[in-house]
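Peer 1: Got a structure for you, questions after.
The values are calculated or read from the model by the stated rules, or taken from the named source; none is laboratory data. All values reported here derive from a predicted model rather than from experimental measurement. So basically every Cβ, Gly included, is an ideal-geometry build from the backbone, and we count neighbours across all protein chains shown.
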Amino acid sequence: MVRNVDYEARRRAILMATINKYIKEALPIASEQIADDFDLSSATIRNIFSELEEAGYITHPHTSGGRVPTNKGYRYYVDFLISQMELLNEEKERIVEGYKNVIDRLEDVLEVTSTVISAITHYAGIVSFLERQDKFFYTGINYILEQPEFRDFEKIRLIIKMIEEKKKILDIINRDFSGPTKVYIGEELECPEMEHCSLIVSVYRLKDRPSGRIAVLGPKRMEYRHTIPTLEYISAVLSDTLSKF
């Protein structure tokens, strides 16, 4: 019996599996690591890797090494491959709990928000307020320091310098966009200091008007499937909290 194979769907599934594995392991992915999941030979996976590489979705950092996602691969992953992004109820409860003892001052709420973002995502949480461009809150730089991509001191030094100087990061966070969130991957940030990073941004509201942005800063090898719905939920909880002011 001849099997009908949707080769394009198979390529997409292998791309997603490769990126998922790289996000978890932070090491180039070999064909043998993917083959068993799809009941295919390593040679077949290598052929598909070659097709994906030719299309610009993955690359190999060493001649005989495994593959890693490119910026284009991550972008495709975020835009087309993530069909279900859900937050666990227990995580929703943790987020709501984080706001229960907030003092009724705007700055306290925003500072708590940066802490909540960082605690749930394990990346850096950033919060800005559009009417106060001289100040924003950030927590969790230590999580970035723990990522293998940032063992290079110069990389992390540039990121910390940019955050502390505020203007560049605020210019990026405050760019106009449509939809609940905006994901910037690597070179899309148009900022050389952050070419190894991704930034996810969402809008929060105060009395039915856009009042500021919340963001997650981490490596391009970010857990997008978890981080995007987390940020969207925190944005909704923050907007609800501020509506009571």
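Peer 1: Just to check your reading of the model, which residue among Asn101, Asn71 is loosely packed, with under 12 Cβ neighbours inside 10 Å and not aromatic (Phe, Trp, Tyr)?
Peer 2: Asn101
Peer 1: I've got another one for you. Quickly run through the stretch 22-52 and pick out the residues that are under 24 Å from the mean Cα position of the chain (by Cα), surrounded by fewer than 16 Cβ atoms within 10 Å (Cβ to Cβ) and free of Cβ contacts under 8 Å to residues at least 40 places away in the same chain.
Peer 2: Answer for the stretch 22-52, where residues must be under 24 Å from the mean Cα position of the chain (by Cα), surrounded by fewer than 16 Cβ atoms within 10 Å (Cβ to Cβ) and free of Cβ contacts under 8 Å to residues at least 40 places away in the same chain: Lys24, Glu25, Leu27.
Peer 1: Anything in the stretch 53-64 that is surrounded by 13 or more Cβ atoms within 10 Å (Cβ to Cβ) and assigned to a loop (DSSP other than H, G, I, E, B)? List them, or say none.
Peer 2: Of everything in the stretch 53-64, those that are surrounded by 13 or more Cβ atoms within 10 Å (Cβ to Cβ) and assigned to a loop (DSSP other than H, G, I, E, B) turn out to be Ala55, Tyr57, His60.
Peer 1: I would also like to ask the following. Identify all residues within the stretch 150-171 that are under 17 Å from the mean Cα position of the chain (by Cα) and either of a type in the set (Lys, Arg) or under 13 Å from Tyr138 (Cβ atoms) (or both); write none if there are none.
Peer 2: Across the stretch 150-171, the qualifying residues are Ile159, Ile169.
Peer 1: Can I ask one more? Within the stretch 76-117, count every residue that is over 18 Å from Leu206 (Cα atoms), of a type in the set (Ser, Thr, Tyr) and not in a loop (DSSP other than H, G, I, E, B).
Peer 2: 3
Peer 1: At least 2 residues that are modelled with pLDDT under 90, assigned by TED's automatic domain parsing to the domain that holds Thr113 and over 23 Å from Glu111 (Cβ atoms) in each: list the helices (runs of 4 or more DSSP H) lying fully within the stretch 129-217 that qualify.
Peer 2: Where helices (runs of 4 or more DSSP H) fall fully within the stretch 129-217 and carry at least 2 residues being modelled with pLDDT under 90, assigned by TED's automatic domain parsing to the domain that holds Thr113 and over 23 Å from Glu111 (Cβ atoms), they are 153-165.
Peer 1: Also, quick follow-up: Quick one: which residue in Ile126, Ile120 is outside any helix (DSSP H, G or I) and touching a Lys or Arg at 6+ places or on another chain (Cβ under 9 Å)?
Peer 2: Ile126
Peer 1: Here's something else I'd like to know. Kindly check whether there is at least one residue in the stretch 206-215 that is out of contact with any His (no Cβ under 6 Å at 6 or more places or on another chain), buried (at least 21 other Cβ atoms within 10 Å of the Cβ) and of a type in the set (D, E, K, R).
Peer 2: Yes, the stretch 206-215 contains at least one residue that is out of contact with any His (no Cβ under 6 Å at 6 or more places or on another chain), buried (at least 21 other Cβ atoms within 10 Å of the Cβ) and of a type in the set (D, E, K, R).
Peer 1: Scan the stretch 129-171 residue by residue and report those that are surrounded by 14 or more Cβ atoms within 10 Å (Cβ to Cβ) and polar (S, T, N, Q).
Peer 2: Across the stretch 129-171, the qualifying residues are Thr139, Gln147.
Peer 1: Are there any pairs with C-beta distances below 6 angstrom linking a residue in the stretch 190-203 that is touching a residue at least 24 places away in the same chain (Cβ under 8 Å) to a residue that is buried (at least 19 other Cβ atoms within 10 Å of the Cβ) and in a loop (DSSP other than H, G, I, E, B), with the two at least 6 apart or on different chains, and if so which?
Peer 2: Here the result reads Ser198/Lys220; Ser198/Met222, each pair linking the stretch 190-203 to a residue that is buried (at least 19 other Cβ atoms within 10 Å of the Cβ) and in a loop (DSSP other than H, G, I, E, B).
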